[in-house]
Amino acid sequence: MSLIVQKYGGTSVGSTERIRRVAERIARTRGEGHDVIAVVSAMSGETDRLLELGRELSKRPTEREMDVLVASGEQVSAALLAIALNDRGVQTRSMLGHQAEIRTDAVHTKARIRTISKERLQAVLDSGSVVVVAGFQGVDDEGNITTLGRGGSDTSAVAIAAAIGADMCEIYTDVEGVYTTDPNICSTARKMRQISFEEMLELSSLGAKVLQIRAVELAMKHRMPIHVRSSFSDAEGTIVTAEENVLESVVVAGVTADKKAVKVTVRDLPDYPGVVAQVFEPLAEANISVDMIIQNVSDQGETDLTFTVSQEDAARAQELARELSKTLGGKDVILDDHVAKVSIVGLGMRNHAGIAARMFRLLADEGVNIEAISTSEIKTSVLVHSKYTELAVRVLHDGFGIGDTPGA
Ligand code: ADP
Ligand code: ASP
Ligand code: MG
(Lines give C-alpha, C1' and ligand atoms only; values in the text may rest on other atoms or scores of the structure.)
(Ligands and ions follow the chains in the order given, each with its own letter.)
Protein backbone atom coordinates (compact mmCIF):
# COMPACT_ATOMS: atom_id res chain seq x y z
CA MET A 1 0.00 0.00 0.00
CA SER A 2 1.31 3.42 -0.82
CA LEU A 3 0.38 6.95 0.03
CA ILE A 4 -0.46 9.05 -3.01
CA VAL A 5 -1.03 12.80 -3.20
CA GLN A 6 -3.23 13.75 -6.16
CA LYS A 7 -3.73 17.38 -7.08
CA TYR A 8 -6.66 18.37 -9.29
CA GLY A 9 -6.54 21.71 -11.09
CA GLY A 10 -9.35 24.15 -11.83
CA THR A 11 -10.53 22.60 -15.10
CA SER A 12 -10.54 19.13 -13.52
CA VAL A 13 -13.00 20.31 -10.84
CA GLY A 14 -14.73 22.84 -13.12
CA SER A 15 -18.27 21.43 -12.73
CA THR A 16 -20.15 19.00 -10.49
CA GLU A 17 -19.96 16.44 -13.32
CA ARG A 18 -16.18 16.77 -13.42
CA ILE A 19 -15.95 16.59 -9.64
CA ARG A 20 -17.85 13.30 -9.87
CA ARG A 21 -15.23 12.03 -12.35
CA VAL A 22 -12.44 13.05 -9.98
CA ALA A 23 -14.24 11.23 -7.16
CA GLU A 24 -14.37 8.14 -9.39
CA ARG A 25 -10.62 8.26 -9.95
CA ILE A 26 -9.90 8.70 -6.26
CA ALA A 27 -12.28 5.82 -5.45
CA ARG A 28 -10.37 3.67 -7.95
CA THR A 29 -7.02 4.56 -6.36
CA ARG A 30 -8.48 3.81 -2.94
CA GLY A 31 -9.88 0.53 -4.27
CA GLU A 32 -6.33 -0.46 -5.28
CA GLY A 33 -5.47 -0.19 -1.60
CA HIS A 34 -3.70 3.17 -1.50
CA ASP A 35 -4.11 6.01 0.96
CA VAL A 36 -5.01 9.23 -0.81
CA ILE A 37 -4.64 12.91 -0.03
CA ALA A 38 -6.34 14.97 -2.74
CA VAL A 39 -5.46 18.64 -3.10
CA VAL A 40 -7.88 20.79 -5.06
CA SER A 41 -7.88 24.13 -6.83
CA ALA A 42 -10.88 26.40 -7.10
CA MET A 43 -13.32 25.59 -9.92
CA SER A 44 -11.99 27.04 -13.19
CA GLY A 45 -12.55 30.78 -13.53
CA GLU A 46 -13.52 31.13 -9.87
CA THR A 47 -10.31 32.75 -8.60
CA ASP A 48 -10.48 35.34 -11.40
CA ARG A 49 -14.15 35.97 -10.67
CA LEU A 50 -13.45 36.57 -6.98
CA LEU A 51 -10.50 38.87 -7.73
CA GLU A 52 -12.77 40.88 -10.05
CA LEU A 53 -15.39 41.26 -7.30
CA GLY A 54 -12.80 42.59 -4.86
CA ARG A 55 -11.43 45.03 -7.43
CA GLU A 56 -14.93 46.24 -8.26
CA LEU A 57 -15.23 47.50 -4.70
CA SER A 58 -11.78 49.01 -4.35
CA LYS A 59 -8.90 50.05 -6.61
CA ARG A 60 -6.48 48.99 -3.90
CA PRO A 61 -8.13 46.31 -1.77
CA THR A 62 -5.93 45.17 1.10
CA GLU A 63 -4.06 42.00 0.34
CA ARG A 64 -5.20 40.47 3.61
CA GLU A 65 -8.86 40.70 2.60
CA MET A 66 -8.12 39.57 -0.96
CA ASP A 67 -6.60 36.41 0.53
CA VAL A 68 -9.69 35.80 2.65
CA LEU A 69 -11.77 36.29 -0.50
CA VAL A 70 -9.89 34.09 -2.98
CA ALA A 71 -9.20 31.29 -0.51
CA SER A 72 -12.96 30.67 -0.49
CA GLY A 73 -12.71 29.21 -4.02
CA GLU A 74 -10.69 26.23 -2.80
CA GLN A 75 -12.94 25.83 0.24
CA VAL A 76 -15.90 25.28 -2.08
CA SER A 77 -14.21 22.70 -4.31
CA ALA A 78 -12.73 20.80 -1.34
CA ALA A 79 -16.16 20.50 0.23
CA LEU A 80 -17.81 19.49 -3.06
CA LEU A 81 -15.24 16.77 -3.73
CA ALA A 82 -15.61 15.43 -0.18
CA ILE A 83 -19.39 15.41 -0.60
CA ALA A 84 -19.07 13.48 -3.89
CA LEU A 85 -16.68 10.94 -2.34
CA ASN A 86 -18.78 10.38 0.76
CA ASP A 87 -21.79 9.93 -1.50
CA ARG A 88 -19.95 7.08 -3.29
CA GLY A 89 -19.29 5.46 0.06
CA VAL A 90 -15.63 6.55 0.20
CA GLN A 91 -15.11 7.93 3.70
CA THR A 92 -13.62 11.41 3.26
CA ARG A 93 -12.85 14.57 5.21
CA SER A 94 -12.05 17.95 3.76
CA MET A 95 -9.45 20.16 5.44
CA LEU A 96 -8.76 23.85 4.93
CA GLY A 97 -5.23 25.23 5.07
CA HIS A 98 -5.41 26.15 8.74
CA GLN A 99 -6.95 22.78 9.68
CA ALA A 100 -4.04 20.96 8.02
CA GLU A 101 -1.77 23.48 9.78
CA ILE A 102 -0.17 24.67 6.56
CA ARG A 103 1.89 27.48 8.09
CA THR A 104 3.23 30.19 5.86
CA ASP A 105 5.05 33.48 6.18
CA ALA A 106 2.90 36.61 6.31
CA VAL A 107 3.42 37.78 2.70
CA HIS A 108 -0.20 37.97 1.58
CA THR A 109 -1.01 36.86 -2.00
CA LYS A 110 2.38 35.20 -2.45
CA ALA A 111 3.09 33.49 0.85
CA ARG A 112 5.64 30.71 1.23
CA ILE A 113 4.92 27.53 3.13
CA ARG A 114 7.09 27.10 6.21
CA THR A 115 5.74 23.96 7.86
CA ILE A 116 2.90 21.47 7.55
CA SER A 117 1.58 19.34 10.40
CA LYS A 118 2.16 15.75 9.36
CA GLU A 119 0.25 14.60 12.47
CA ARG A 120 -3.03 16.28 11.54
CA LEU A 121 -3.11 14.72 8.08
CA GLN A 122 -1.86 11.36 9.30
CA ALA A 123 -4.55 11.18 11.99
CA VAL A 124 -7.31 11.56 9.39
CA LEU A 125 -5.66 9.00 7.09
CA ASP A 126 -5.31 6.60 10.03
CA SER A 127 -9.03 6.86 10.68
CA GLY A 128 -9.49 5.30 7.23
CA SER A 129 -10.49 8.50 5.43
CA VAL A 130 -9.41 10.09 2.23
CA VAL A 131 -8.30 13.66 2.97
CA VAL A 132 -9.25 16.47 0.59
CA VAL A 133 -7.11 19.53 1.26
CA ALA A 134 -8.02 22.98 -0.05
CA GLY A 135 -4.99 24.00 -2.11
CA PHE A 136 -3.48 27.48 -2.52
CA GLN A 137 -4.10 28.53 1.10
CA GLY A 138 -2.30 28.54 4.42
CA VAL A 139 -2.24 30.44 7.67
CA ASP A 140 0.42 32.76 9.11
CA ASP A 141 1.62 32.86 12.72
CA GLU A 142 -1.09 35.40 13.61
CA GLY A 143 -3.84 33.15 12.27
CA ASN A 144 -4.43 35.19 9.11
CA ILE A 145 -5.41 33.32 5.93
CA THR A 146 -2.70 33.56 3.29
CA THR A 147 -2.50 32.38 -0.33
CA LEU A 148 0.46 31.04 -2.25
CA GLY A 149 0.34 32.96 -5.54
CA ARG A 150 -1.43 32.02 -8.78
CA GLY A 151 -1.17 28.33 -9.49
CA GLY A 152 -0.30 27.76 -5.83
CA SER A 153 -2.27 24.52 -5.40
CA ASP A 154 0.60 22.73 -7.17
CA THR A 155 2.84 23.93 -4.35
CA SER A 156 0.35 22.83 -1.68
CA ALA A 157 0.37 19.34 -3.20
CA VAL A 158 4.15 18.99 -3.40
CA ALA A 159 4.63 20.46 0.08
CA ILE A 160 2.11 18.02 1.54
CA ALA A 161 3.67 15.10 -0.35
CA ALA A 162 7.11 16.02 0.99
CA ALA A 163 5.91 16.65 4.55
CA ILE A 164 4.07 13.38 4.86
CA GLY A 165 6.60 11.32 2.89
CA ALA A 166 4.19 10.31 0.10
CA ASP A 167 5.28 7.68 -2.40
CA MET A 168 3.99 9.70 -5.32
CA CYS A 169 2.77 13.20 -6.13
CA GLU A 170 0.44 13.32 -9.11
CA ILE A 171 -0.63 16.62 -10.65
CA TYR A 172 -3.82 16.14 -12.69
CA THR A 173 -4.46 18.88 -15.21
CA ASP A 174 -6.12 19.61 -18.56
CA VAL A 175 -3.21 18.47 -20.76
CA GLU A 176 -1.52 15.06 -20.79
CA GLY A 177 1.80 16.17 -19.33
CA VAL A 178 4.64 18.60 -19.85
CA TYR A 179 5.14 19.37 -23.53
CA THR A 180 8.03 20.82 -25.52
CA THR A 181 5.94 23.99 -25.67
CA ASP A 182 2.38 25.00 -24.75
CA PRO A 183 0.22 22.46 -26.66
CA ASN A 184 -2.56 25.03 -26.74
CA ILE A 185 -0.35 27.38 -28.77
CA CYS A 186 1.67 25.04 -30.96
CA SER A 187 0.12 22.00 -32.62
CA THR A 188 3.47 20.23 -33.02
CA ALA A 189 4.19 20.32 -29.26
CA ARG A 190 5.35 16.90 -28.08
CA LYS A 191 4.70 15.35 -24.68
CA MET A 192 7.92 14.56 -22.82
CA ARG A 193 8.16 11.27 -20.94
CA GLN A 194 10.55 12.75 -18.41
CA ILE A 195 12.09 16.10 -17.61
CA SER A 196 14.68 17.11 -14.99
CA PHE A 197 13.81 19.36 -12.07
CA GLU A 198 16.32 21.92 -13.34
CA GLU A 199 14.71 22.20 -16.77
CA MET A 200 11.20 22.25 -15.31
CA LEU A 201 12.24 24.99 -12.93
CA GLU A 202 13.32 27.14 -15.86
CA LEU A 203 10.23 26.31 -17.95
CA SER A 204 7.96 27.23 -15.02
CA SER A 205 9.76 30.44 -14.24
CA LEU A 206 9.69 31.41 -17.91
CA GLY A 207 5.95 31.04 -18.39
CA ALA A 208 4.95 27.36 -18.70
CA LYS A 209 2.15 27.57 -16.16
CA VAL A 210 1.60 23.80 -16.07
CA LEU A 211 3.50 23.72 -12.73
CA GLN A 212 3.96 26.61 -10.34
CA ILE A 213 7.66 27.40 -9.92
CA ARG A 214 7.63 26.98 -6.15
CA ALA A 215 6.17 23.50 -6.54
CA VAL A 216 9.16 22.53 -8.67
CA GLU A 217 11.60 24.18 -6.23
CA LEU A 218 10.14 22.17 -3.36
CA ALA A 219 10.05 18.92 -5.34
CA MET A 220 13.70 19.41 -6.25
CA LYS A 221 14.69 20.22 -2.69
CA HIS A 222 12.95 17.14 -1.31
CA ARG A 223 13.71 14.95 -4.34
CA MET A 224 10.01 14.25 -4.69
CA PRO A 225 9.20 13.14 -8.26
CA ILE A 226 6.05 14.63 -9.77
CA HIS A 227 3.82 12.89 -12.30
CA VAL A 228 2.02 15.51 -14.41
CA ARG A 229 -0.93 13.91 -16.19
CA SER A 230 -4.44 14.45 -17.49
CA SER A 231 -7.55 14.09 -15.35
CA PHE A 232 -9.44 13.29 -18.55
CA SER A 233 -7.51 10.17 -19.59
CA ASP A 234 -5.43 7.32 -18.18
CA ALA A 235 -2.45 8.06 -20.41
CA GLU A 236 0.96 8.17 -18.75
CA GLY A 237 2.04 11.77 -18.34
CA THR A 238 5.45 13.30 -17.69
CA ILE A 239 7.70 12.45 -14.76
CA VAL A 240 9.58 15.43 -13.36
CA THR A 241 12.61 13.98 -11.59
CA ALA A 242 16.30 14.34 -10.73
CA GLU A 243 18.67 14.87 -13.66
CA GLU A 244 20.42 11.50 -13.21
CA ASN A 245 17.11 9.67 -13.69
CA VAL A 246 16.33 11.32 -17.02
CA LEU A 247 17.20 8.92 -19.80
CA GLU A 248 17.01 11.05 -22.93
CA SER A 249 19.25 14.06 -23.03
CA VAL A 250 18.48 16.85 -25.47
CA VAL A 251 20.09 20.18 -26.21
CA VAL A 252 16.86 22.20 -26.18
CA ALA A 253 14.04 20.60 -24.17
CA GLY A 254 11.38 23.26 -24.46
CA VAL A 255 10.26 26.72 -25.58
CA THR A 256 8.16 29.07 -23.44
CA ALA A 257 6.55 32.46 -23.69
CA ASP A 258 5.59 34.88 -20.95
CA LYS A 259 3.27 37.68 -21.95
CA LYS A 260 2.99 38.96 -18.42
CA ALA A 261 6.29 40.78 -18.59
CA VAL A 262 6.18 44.57 -18.46
CA LYS A 263 9.14 46.70 -19.52
CA VAL A 264 9.99 49.65 -17.27
CA THR A 265 12.38 52.33 -18.52
CA VAL A 266 13.90 55.02 -16.30
CA ARG A 267 15.48 57.65 -18.53
CA ASP A 268 18.45 59.96 -18.08
CA LEU A 269 19.58 58.98 -14.62
CA PRO A 270 22.88 60.44 -13.45
CA ASP A 271 25.57 57.79 -13.87
CA TYR A 272 27.66 57.28 -10.74
CA PRO A 273 28.38 54.28 -8.52
CA GLY A 274 25.33 53.39 -6.46
CA VAL A 275 22.56 54.62 -8.78
CA VAL A 276 21.49 51.16 -9.86
CA ALA A 277 21.43 49.97 -6.25
CA GLN A 278 19.29 52.99 -5.33
CA VAL A 279 16.73 52.05 -7.97
CA PHE A 280 16.55 48.36 -7.16
CA GLU A 281 16.70 48.43 -3.35
CA PRO A 282 13.19 49.88 -2.87
CA LEU A 283 11.84 47.37 -5.39
CA ALA A 284 13.39 44.51 -3.44
CA GLU A 285 11.96 45.89 -0.19
CA ALA A 286 8.52 45.91 -1.82
CA ASN A 287 8.96 42.22 -2.73
CA ILE A 288 9.04 43.01 -6.45
CA SER A 289 11.17 40.63 -8.50
CA VAL A 290 13.06 42.27 -11.30
CA ASP A 291 13.89 40.08 -14.25
CA MET A 292 15.82 41.30 -17.30
CA ILE A 293 17.97 44.42 -16.81
CA ILE A 294 19.63 46.60 -19.43
CA GLN A 295 21.66 49.69 -18.71
CA ASN A 296 22.65 51.99 -21.54
CA VAL A 297 25.34 54.43 -20.55
CA SER A 298 25.64 57.57 -22.61
CA ASP A 299 28.79 59.66 -22.86
CA GLN A 300 27.01 62.61 -21.22
CA GLY A 301 27.28 60.96 -17.81
CA GLU A 302 23.67 59.83 -17.94
CA THR A 303 22.17 56.41 -18.18
CA ASP A 304 18.89 54.77 -19.24
CA LEU A 305 17.87 51.85 -17.10
CA THR A 306 15.41 49.31 -18.49
CA PHE A 307 14.11 46.30 -16.61
CA THR A 308 11.17 43.92 -16.67
CA VAL A 309 8.74 43.02 -13.89
CA SER A 310 5.53 40.98 -13.80
CA GLN A 311 2.20 42.61 -14.70
CA GLU A 312 0.99 42.49 -11.10
CA ASP A 313 4.02 44.45 -9.92
CA ALA A 314 4.20 46.95 -12.79
CA ALA A 315 2.18 49.83 -11.31
CA ARG A 316 3.98 49.66 -7.96
CA ALA A 317 7.37 49.37 -9.68
CA GLN A 318 6.58 52.47 -11.77
CA GLU A 319 5.53 54.39 -8.68
CA LEU A 320 8.71 53.49 -6.76
CA ALA A 321 10.98 54.15 -9.76
CA ARG A 322 9.23 57.50 -10.34
CA GLU A 323 9.83 58.66 -6.78
CA LEU A 324 13.48 57.76 -7.06
CA SER A 325 13.96 59.22 -10.51
CA LYS A 326 12.51 62.51 -9.25
CA THR A 327 14.95 62.62 -6.33
CA LEU A 328 17.91 61.89 -8.59
CA GLY A 329 16.87 64.33 -11.30
CA GLY A 330 16.03 61.67 -13.89
CA LYS A 331 13.20 61.85 -16.45
CA ASP A 332 9.85 60.10 -16.47
CA VAL A 333 9.42 56.37 -16.01
CA ILE A 334 7.79 54.63 -18.97
CA LEU A 335 5.88 51.35 -18.90
CA ASP A 336 5.53 49.15 -21.98
CA ASP A 337 3.35 46.07 -21.68
CA HIS A 338 3.48 45.16 -25.37
CA VAL A 339 6.34 42.82 -24.74
CA ALA A 340 6.79 39.08 -24.27
CA LYS A 341 9.68 37.03 -23.08
CA VAL A 342 10.36 34.00 -25.26
CA SER A 343 12.86 31.44 -23.99
CA ILE A 344 14.56 28.18 -24.91
CA VAL A 345 15.54 25.78 -22.11
CA GLY A 346 17.71 22.69 -22.06
CA LEU A 347 20.40 21.03 -19.95
CA GLY A 348 22.36 20.30 -23.12
CA MET A 349 22.95 24.02 -23.60
CA ARG A 350 25.66 23.71 -20.95
CA ASN A 351 27.94 21.86 -23.34
CA HIS A 352 26.87 23.20 -26.71
CA ALA A 353 28.20 26.49 -28.02
CA GLY A 354 26.22 28.45 -30.56
CA ILE A 355 22.68 27.66 -29.40
CA ALA A 356 21.92 31.29 -28.55
CA ALA A 357 23.35 32.47 -31.88
CA ARG A 358 21.12 29.99 -33.68
CA MET A 359 18.12 31.28 -31.72
CA PHE A 360 18.88 34.88 -32.75
CA ARG A 361 19.30 33.82 -36.39
CA LEU A 362 15.99 31.91 -36.46
CA LEU A 363 14.19 35.01 -35.12
CA ALA A 364 16.03 37.41 -37.40
CA ASP A 365 15.05 35.36 -40.47
CA GLU A 366 11.41 35.95 -39.51
CA GLY A 367 11.96 39.67 -38.96
CA VAL A 368 11.43 39.46 -35.19
CA ASN A 369 13.33 42.24 -33.41
CA ILE A 370 15.02 41.42 -30.09
CA GLU A 371 14.64 44.12 -27.40
CA ALA A 372 16.61 42.47 -24.58
CA ILE A 373 18.46 39.24 -23.92
CA SER A 374 19.23 37.27 -20.78
CA THR A 375 20.98 33.95 -20.42
CA SER A 376 21.82 31.40 -17.78
CA GLU A 377 23.60 28.07 -17.99
CA ILE A 378 20.56 26.23 -19.34
CA LYS A 379 18.37 28.93 -20.91
CA THR A 380 18.35 31.90 -23.25
CA SER A 381 15.52 34.44 -23.14
CA VAL A 382 14.71 37.27 -25.49
CA LEU A 383 12.24 40.12 -25.10
CA VAL A 384 10.18 40.73 -28.24
CA HIS A 385 7.10 42.76 -29.19
CA SER A 386 4.06 40.85 -27.93
CA LYS A 387 2.57 40.66 -31.43
CA TYR A 388 5.39 38.25 -32.33
CA THR A 389 4.89 35.88 -29.37
CA GLU A 390 3.22 32.94 -31.11
CA LEU A 391 5.36 33.35 -34.21
CA ALA A 392 8.57 33.36 -32.18
CA VAL A 393 7.54 30.26 -30.20
CA ARG A 394 6.67 28.34 -33.36
CA VAL A 395 9.81 29.39 -35.22
CA LEU A 396 12.07 28.32 -32.34
CA HIS A 397 10.16 25.12 -31.59
CA ASP A 398 10.25 24.00 -35.22
CA GLY A 399 13.71 25.48 -35.87
CA PHE A 400 15.30 23.43 -33.09
CA GLY A 401 13.32 20.39 -34.26
CA ILE A 402 12.06 19.37 -30.83
CA GLY A 403 8.39 18.77 -31.55
CA ASP A 404 6.38 16.25 -33.54
CA THR A 405 6.59 16.38 -37.29
CA PRO A 406 3.58 18.39 -38.56
CA GLY A 407 0.82 16.12 -39.89
CA ALA A 408 2.55 12.96 -38.58
P1 ADP B 1 -4.55 23.60 -13.71
O2 ADP B 1 -5.80 24.41 -13.66
O3 ADP B 1 -4.80 22.13 -13.86
O4 ADP B 1 -3.58 23.92 -12.62
P5 ADP B 1 -3.06 25.27 -15.54
O6 ADP B 1 -3.94 26.04 -16.47
O7 ADP B 1 -2.49 25.97 -14.39
O8 ADP B 1 -3.86 23.96 -15.09
O9 ADP B 1 -1.84 24.61 -16.37
C10 ADP B 1 -2.11 23.81 -17.49
C11 ADP B 1 -1.90 24.64 -18.75
O12 ADP B 1 -0.51 24.95 -18.88
C13 ADP B 1 -2.21 23.92 -20.04
O14 ADP B 1 -3.57 24.00 -20.38
C15 ADP B 1 -1.32 24.61 -21.07
O16 ADP B 1 -2.03 25.55 -21.85
C17 ADP B 1 -0.31 25.37 -20.21
N18 ADP B 1 1.08 25.10 -20.60
C19 ADP B 1 2.00 26.05 -20.88
N20 ADP B 1 3.16 25.51 -21.24
C21 ADP B 1 3.01 24.16 -21.17
C22 ADP B 1 3.87 23.06 -21.43
N23 ADP B 1 5.15 23.23 -21.81
N24 ADP B 1 3.37 21.80 -21.28
C25 ADP B 1 2.08 21.63 -20.88
N26 ADP B 1 1.22 22.65 -20.63
C27 ADP B 1 1.67 23.90 -20.77
N1 ASP C 1 -7.07 28.85 -7.70
C2 ASP C 1 -5.73 29.38 -7.69
C3 ASP C 1 -5.44 30.06 -9.02
O4 ASP C 1 -6.32 30.14 -9.88
C5 ASP C 1 -4.69 28.34 -7.36
C6 ASP C 1 -4.55 27.21 -8.35
O7 ASP C 1 -5.40 27.02 -9.21
O8 ASP C 1 -3.55 26.49 -8.25
O9 ASP C 1 -4.37 30.55 -9.21
MG1 MG D 1 -2.21 25.51 -12.38
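Tell me, yes or no, whether segment 121-135 has at least one residue that is in contact (Cβ under 8 Å) with a residue 60 or more places away in the chain, more than 16 Å from Ala157 (Cα to Cα) and β-branched (Val, Ile, Thr). No.
Give segment 362-387 a look and list any residue that's under 14 Å from Ala340 (Cβ atoms) and either among the polar types (S, T, N, Q) or buried (at least 19 other Cβ atoms within 10 Å of the Cβ) (or both), or say none. Listed by number, the residues that qualify are Leu363, Val368, Asn369, Ala372, Ser374, Ser381, Val382, Leu383, Val384, Ser386.
Of the candidates Val107, Val68, Val22, the single residue that is within 16 Å of ligand 1 (Cβ to nearest atom) and either of a type in the set (A, V, I, L, M) or buried (at least 18 other Cβ atoms within 10 Å of the Cβ) (or both) is Val22. Counting just the residues of segment 201-213 that are away from ligand 3 (no atom under 12 Å from the Cβ) and touching a residue at least 60 places away in the same chain (Cβ under 8 Å), which one comes out surrounded by the most Cβ atoms within 10 Å (Cβ to Cβ)? Looking at the filtered set, the residue picked out is Leu203.
Return the total of residues in segment 144-176 being of a type in the set (Asp, Glu) and within 14 Å of ligand 2 (Cβ to nearest atom). Walk me through it before giving the result.
Kept after step one, since they are of a type in the set (Asp, Glu), are these residues of segment 144-176: 154, 167, 170, 174, 176.
Going one step further and asking which of them are within 14 Å of ligand 2 (Cβ to nearest atom), we end up with 154, 174.
Looking only at that region, the number is 2.
Taken together, Ala189, Ala159 contain a single residue that is more than 14 Å from ligand 1 (Cβ to nearest atom), surrounded by 20 or more Cβ atoms within 10 Å (Cβ to Cβ) and at pLDDT 95 or above, which is Ala159. In segment 114-146, what residues are assigned to a loop (DSSP other than H, G, I, E, B) and under 21 Å from Ala82 (Cβ atoms)? Scanning segment 114-146 gives Ser117, Ser127, Gly128, Ser129, Gly135, Phe136.
If the condition is being in contact with a Ser or Thr (Cβ under 9 Å, 6 or more places away or on another chain) and among the hydrophobic types (A, V, I, L, M, F, W, C), then segment 201-218 contributes Leu203, Leu206, Ala208, Val210, Leu211, Ile213, Ala215, Val216, Leu218. For the subset of segment 323-333 comprising residues that are closer than 12 Å to Asp268 by Cα and surrounded by fewer than 14 Cβ atoms within 10 Å (Cβ to Cβ), which member is nearest to the chain's Cα centre (by Cα)? Only one residue tops the list, namely Asp332. Candidates are the residues of segment 1-11 that are more than 10 Å from ligand 2 (Cβ to nearest atom) and not aliphatic (A, V, I, L, M); the one that is modelled with the lowest pLDDT is Ser2. Close contacts from segment 142-158, counting a first residue that is near ligand 3 (Cβ under 8 Å from one of its atoms) and a second that is of a type in the set (Phe, Trp, Tyr), with Cβ to Cβ under 8 Å and a gap of 6+ residues or different chains, come to Ser153/Phe136. Within 15 Å of ligand 1 (Cβ to nearest atom), under 20 Å from the mean Cα position of the chain (by Cα), crowded, with 19+ Cβ neighbours inside 10 Å and part of a helix (DSSP H, G or I): does that describe Gly10? No. Selection over segment 55-90 of residues that are more than 22 Å from the chain's Cα centre (by Cα) and either closer than 17 Å to Lys110 by Cα or modelled with pLDDT under 95 (or both) gives a count of 5.
For the structure I just gave you, tell me whether Glu17 is within 16 Å of Ser77 (Cβ to Cβ), within 14 Å of ligand 1 (Cβ to nearest atom) and either crowded, with 24+ Cβ neighbours inside 10 Å or of a type in the set (Asp, Glu) (or both).
In short, no.
A single member of Arg55, Arg64, Arg114 is charged (D, E, K, R), touching a strand residue (DSSP E or B) at 6+ places or on another chain (Cβ under 7 Å) and more than 16 Å from ligand 3 (Cβ to nearest atom), and it is Arg114. In the set (1) among the hydrophobic types (A, V, I, L, M, F, W, C); (2) surrounded by fewer than 19 Cβ atoms within 10 Å (Cβ to Cβ); (3) touching a Ser or Thr at 6+ places or on another chain (Cβ under 8 Å); (4) under 26 Å from Val266 (Cα atoms), the condition left unmet by Ala356 is number (4).
For Leu335, the test of being of a type in the set (A, V, I, L, M, F, W, C) and out of contact with any strand residue (DSSP E or B) (no Cβ under 7 Å at 6 or more places or on another chain) is failed.
The values are calculated or read from the model by the stated rules, or taken from the named source; none is laboratory data. As the structure is a computational prediction, the values presented were derived from the model and not from experiment. Here Cβ is always computed from backbone atoms with ideal geometry, including for glycine, and neighbour counts include all displayed protein chains.
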